[in-house]
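Bear in mind that the values in this text are calculations on the coordinates, not laboratory data. In this text, all values refer to a predicted model and were calculated from it rather than measured experimentally. Virtual Cβ from ideal backbone geometry, glycine too; neighbours counted across all protein chains shown.
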Amino acid sequence: MAVSYFIYVTDKENTGFNLEKFNNDIKQRFPGVSVEVKSDENCKYNVHFEYYGDECEFELWINRDRSVLVIDYFNSENRLYDYAKYIIWLRSYFPYEKEVLLCDEGYNKTIVLSEGVEIEDILEILE
């Protein structure tokens, strides 16, 4: 069973997340990624990214106020290591002066994604 992981900024006021830059970067890093923006005002997570390529596969949602990223699915040949690198890359889209956490969907495992967080630290959460 797949477990979703959340990357979220604790101070939701002015998260500093630049969706336009993120869109450009994700399209460059993962050519062929599909992006769907939901216009329904009731949809809390309104931007969806889906990628099934040679390097990896993932599904990612961003909530309406740009304070939460949800990774619903991630897979690659070296899954856990690549997943940790992907999480670090995603975290870089929030200012480092903001507290950003990574947690599993049950909030059983949590880590602060501070500047300089190591892949090994994230692997402990993913394992």
Give a quick list of GluC sites (Glu not before Pro) in segment 1-91 that DSSP marks as loop, anything other than H, G, I, E or B, with at most 13 other Cβ atoms within 10 Å. Glu13, Glu41, Glu55, Glu77
Using the structure shown, select from Lys12/Lys85; Lys44/Lys98; Lys21/Lys109 the pairs with a Cα to Cα distance greater than 28 angstrom. Lys21/Lys109
Can you work out the FRET efficiency for the pair Glu41 and Leu101, with r the C-beta to C-beta distance and R0 = 30 Å, to the nearest 0.05? 0.65
Would you order Thr15, Thr10 from fewest to most other beta-carbon atoms within 10 Å of each residue's own beta-carbon? Thr10, Thr15
Burial order of peptide ranges 26-35, 83-92, 98-107 (average beta-carbon count within 10 Å, highest first): 83-92, 98-107, 26-35
Computed Rg/Rh of the chain, alpha carbon atoms with Kirkwood Rh: 0.93
